[in-house]
Structure formats: structure tokens, C-alpha cells
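The values are calculated or read from the model by the stated rules, or taken from the named source; none is laboratory data. These numbers come from a predicted model, not from an experiment. Using ideal geometry, Cβ is built from the backbone for each residue, glycine included, and neighbour counts are taken over all protein chains shown.
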């Protein structure tokens, strides 16, 4: 049983972080690259797609409160991530942190959970991207053929599938960019982030100007908190909590920044800047956009793939719909890129530790990227984006993220007690209060999600444990080192 909780040696982690040869990842990211990677992942489907759907289905205008609650939970978790990312600056994010603090079994669970988070996150965004791309082409008079569909019965239940071929193709294209190189990916992200932040700011300015000049506009904030329908999670305060759990998907970008720690030039200084800076900027933008959107448009009309475009049209700025759609298309592309980057780097780290198959940590001789990992991840996510409905994808992403936050926050608390002497370039304030608050808020949001989402998480974790006990535990490098150490110890004699 003790072997299941074997920890990675901190000195070994630091040595791994300092490696710089042809078999290691290339350090090419500066502070601005890391900040834009975070913003690139956060400003995307959450603001262009999920905001409207969560308002229409769960919280109404009080989606603003949902974003505040999700932002508070993220603030506590982000402080914990910043400490770990500066202290252990290697690929793998929460997986690596858990390995150093809580042991191998917990690390496996969180690594497997991160695969869920990033895979379903990228697939969610691909579905949103497809919807915006179709709307964009329709506005240009170039409509695409409808998605192929099929109907069949599975276990006695009717199933209706739509085959989103556009979502499939965009994931394949993003995967090709990631295989080519991290620096190229980061430069692409930086350019697109500038465009989409400008589009978001344009929406805020136009919506504010319209509301200021049209005092007769019906007040769509009344009631601000729609009464509960009698079902848990449908409006009222339980709906606000459910909405917070769903829109939590919007914030996962800052934790994706930490997966690129081994590719940062100065991770001890720049990782906290990238994580916390992107979180602060995006939280402010989310609150402003969600408030203005529900003020412009009745919340029950926002359950559409492109709610921000609907808001711009209500504001009478038809010319701006083109820019919003273009910004959404470009912006969602960067979210997919960062999600796929995160998952392939988690695969890479787990493979280097022997917990996953060796092919996942192979580095391309020219591009110095984990190309096989990126390709396999990309194909898997492309299939998800083609077949799985958006409502399933976004909640699965949120529950995976929240579980990661719980374990990372617990890890900071444990690490402060077990290794108080370790150098921490960035320190989480008020430990253990901040980690405890992160755990409590994240746990509350997990409970607020649907029972089906919680059940799917359990099934996913069970599948992961089967893989761990059948393959990972037998090939673990930490377990092998532990066995060698035990064999070298002299056998006690009678005289002893």
C-alpha cells in the first residue's frame, strides 16, 4: 500500500526541470507569451458560447454572480498553482505537483483527470468554433451543407447523433500547428489574443453606449434572479451555483499555462505572472460581458451558439457582427491550441514517469515537440468534437478542472508542512486558509453539477485506475527506483 503513495523526489524534479538537450522540450516562452497563452485559453468558448447558454438554462441575468463565484474559486486555486509552478517548473501541471506531494496514486488520478479536462475542453471549443464558422459563412452568403445525422437505439434508449465534420477538421489543423513547434504556437496565440481582446472590448463599448443612449430599453434584468422552477439547478440560487459550475469551464486557461512550465525561459519569475495576470484580466472581462449581454437580450433567448453576435445585433450595430464573428472564430482557435498543448504535455510527463506508454514522450528530432502525443490526442479530441453534444462536453470539462483544483490546493498545504525548507519564488498567502477555501469552493461547484456529470467522472476515473493497475504501476520509474533501493539494503542477520 505504501508503494501506491510513493512520491517523486524533489531533487529529481529540479534536475528534470534544468535539462536542456535534444531530448528535452525547448525553452522559448517569455512572460508575454505565458500571459497570452492564459488569456488565449480563458477568453474563448466561455465568453462567446457558454455565457449565453448558462444564462438561458440555469441562472438568468444572475449569471454575473455565477462568474463572480467561479472567479473567486479560481483566485484561490490560482494562488496555489502559482506557488507550485514557480517551485516545480516542469511540464505536467497538477499531475507533477501531486506526484511530489501526495504520491503516485493521487498523481495518476489527477493526470487522468487532466486528460479528461483538456480533451473535453478542446472538443467543447471545437463545437463552438464550428457554430460560429457556419454563422460567419451564412452572413457572407456561403452556407455549408447541414451536418450529417443518424438515429439509432442504444440499450433501449433513442440516440440522435450529429456528425460535426467542421469541428473534426479544425482540431486536426490545430494539432498540425502544435507538432511544428511551441514557439510558433505561442506567436500564433499572441497575435490572435490581441484580436479577440479587441473584439471583446469593442462589444463592451458598443453595448454600453447603446444602453446609455436608449433609456427606454426594457429592463431585462428584472427579475435579476429568476425564481427556481422546482428542479435543482434551474434558476434561483441553486441555478446560480449550477451556472458557476458550468461557466467554470471558462477559466481553465490559467491552469493550462502551468503545463508549459518546462518551455518557459524563466519559469520561477514568469509562471506566477502568466497564471495570475491572465486570471485577473479575464475575470473582469467576463463579468462585464455577461452583465451587458443579459441587459441587452432576454436571457431565455441566449441559448444559441453565438450569443455575443445576438447582443451586437440587438444593439443595432450590424456592421460589428462581422468583427465579432471573426474575433470568435480566431479566439476559439487559440483556446483549442492551449487545451491540446496542455493534454499532450500531461501525456508527455506521465509517459516519462513510466505510467503511460513510451511513445507518448518521444520528441521530434527537428521540432523538439512531443509529436506522437500531440497527434494521438488530436485525433481522439477530433472524434469527440464530431460526436458528443456540447452540453455534455462543457460540464465534463468543468468537473475535471474542479477536481484538479481540489488536489493542487491540498498539495500546497501538504508541501508547506512536509518541505518547509524548499525555495518558493512565489508563496501562496495565508496558508492553510487559501488552500482550504479553494477546496471548499471547488467542492461546492462539483456538487452543483448534474448527477450524470458526476457519474461520468466516476466512470472515467475507474477506467483510469484499471490502466494504472494493469500497466502504469508495473512500469513506474519511481516504483522501480524504490525496489532497487530496497534490494540494496543489507539483509538483517541474527547478530543484528
Quick check, is residue 436 exposed (fewer than 13 other Cβ atoms within 10 Å of the Cβ) and modelled with pLDDT of 90 or more?
no
Filter the stretch 101-128 down to the residues that are buried (at least 24 other Cβ atoms within 10 Å of the Cβ) and more than 16 Å from the chain's Cα centre (by Cα) and list them by number.
101, 104, 107, 108
Could you tell me which residue of the stretch 36-61 is farthest from residue 440 (Cα to Cα), considering only residues that are modelled with pLDDT of 85 or more and surrounded by fewer than 24 Cβ atoms within 10 Å (Cβ to Cβ)?
56
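Quick test for you: out of 85, 77, pick the one residue that is under 27 Å from residue 417 (Cα atoms), at pLDDT below 80 and buried (at least 24 other Cβ atoms within 10 Å of the Cβ).
Being under 27 Å from residue 417 (Cα atoms), at pLDDT below 80 and buried (at least 24 other Cβ atoms within 10 Å of the Cβ) holds for just one of 85, 77, which is 85.
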Would a scan of the stretch 334-342 turn up a residue that is at pLDDT below 80 and more than 29 Å from residue 435 (Cα to Cα)?
yes
Number of the condition not met by residue 227 [criteria: (1) over 22 Å from the mean Cα position of the chain (by Cα); (2) at pLDDT below 80; (3) over 22 Å from residue 308 (Cα atoms)]:
(2)
With the structure loaded, tell me whether residue 450 is crowded, with 18+ Cβ neighbours inside 10 Å and touching a helix residue (DSSP H, G or I) at 6+ places or on another chain (Cβ under 9 Å) or whether it fails that test.
no
Would you please name the residue that is modelled with the lowest pLDDT, looking only at residues in the stretch 457-477 that are surrounded by 13 or more Cβ atoms within 10 Å (Cβ to Cβ) and closer than 12 Å to residue 113 by Cβ?
457
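Would you be able to say whether some residue in the stretch 426-435 is part of a helix (DSSP H, G or I) and either in contact (Cβ under 8 Å) with a residue 12 or more places away in the chain or on the phi > 0 side of the Ramachandran plot (or both)?
Keep residues of the stretch 426-435 that are part of a helix (DSSP H, G or I), which gives 433-435.
Narrowing the set further to residues that are either in contact (Cβ under 8 Å) with a residue 12 or more places away in the chain or on the phi > 0 side of the Ramachandran plot (or both) leaves 434-435.
Looking through the stretch 426-435, at least one residue is part of a helix (DSSP H, G or I) and either in contact (Cβ under 8 Å) with a residue 12 or more places away in the chain or on the phi > 0 side of the Ramachandran plot (or both).
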If I filter the stretch 115-136 for residues that are over 21 Å from residue 42 (Cβ atoms) and at pLDDT below 80, do I get at least one hit?
yes
Exclusive hit being within 30 Å of residue 72 (Cβ to Cβ), buried (at least 20 other Cβ atoms within 10 Å of the Cβ) and out of contact with any helix residue (DSSP H, G or I) (no Cβ under 6 Å at 6 or more places or on another chain), set 333, 404:
333
Given the conditions (1) buried (at least 17 other Cβ atoms within 10 Å of the Cβ); (2) part of a helix (DSSP H, G or I); (3) in contact (Cβ under 8 Å) with a residue 60 or more places away in the chain, every one holds for residue 444 apart from (1)
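Residues are listed down the side, and each one gets a yes or a no for (1) surrounded by fewer than 24 Cβ atoms within 10 Å (Cβ to Cβ); (2) over 20 Å from residue 247 (Cα atoms); (3) more than 21 Å from the chain's Cα centre (by Cα):
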{"position": "306", "(1), (2), (3)": "yes, no, no"}
{"position": "326", "(1), (2), (3)": "yes, yes, yes"}
{"position": "341", "(1), (2), (3)": "no, yes, no"}
{"position": "344", "(1), (2), (3)": "no, yes, no"}
{"position": "347", "(1), (2), (3)": "no, yes, no"}
{"position": "354", "(1), (2), (3)": "yes, yes, yes"}
{"position": "377", "(1), (2), (3)": "no, yes, no"}
Might you check whether a residue that is surrounded by fewer than 24 Cβ atoms within 10 Å (Cβ to Cβ) and either closer than 27 Å to residue 300 by Cβ or modelled with pLDDT of 85 or more (or both) occurs anywhere in the stretch 242-265?
no
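Could you please find all residues in the stretch 311-329 being assigned to a helix (DSSP H, G or I) and farther than 13 Å from residue 139 by Cα? Don't jump to the end; show me each part of the working.
Step one: filter the stretch 311-329 for residues assigned to a helix (DSSP H, G or I), giving 311-314, 318-329.
Scanning the stretch 311-329 gives 311, 312, 314, 327, 328, 329.
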From 247, 280, which residue is within 30 Å of residue 95 (Cα to Cα) and touching a residue at least 40 places away in the same chain (Cβ under 8 Å)?
247
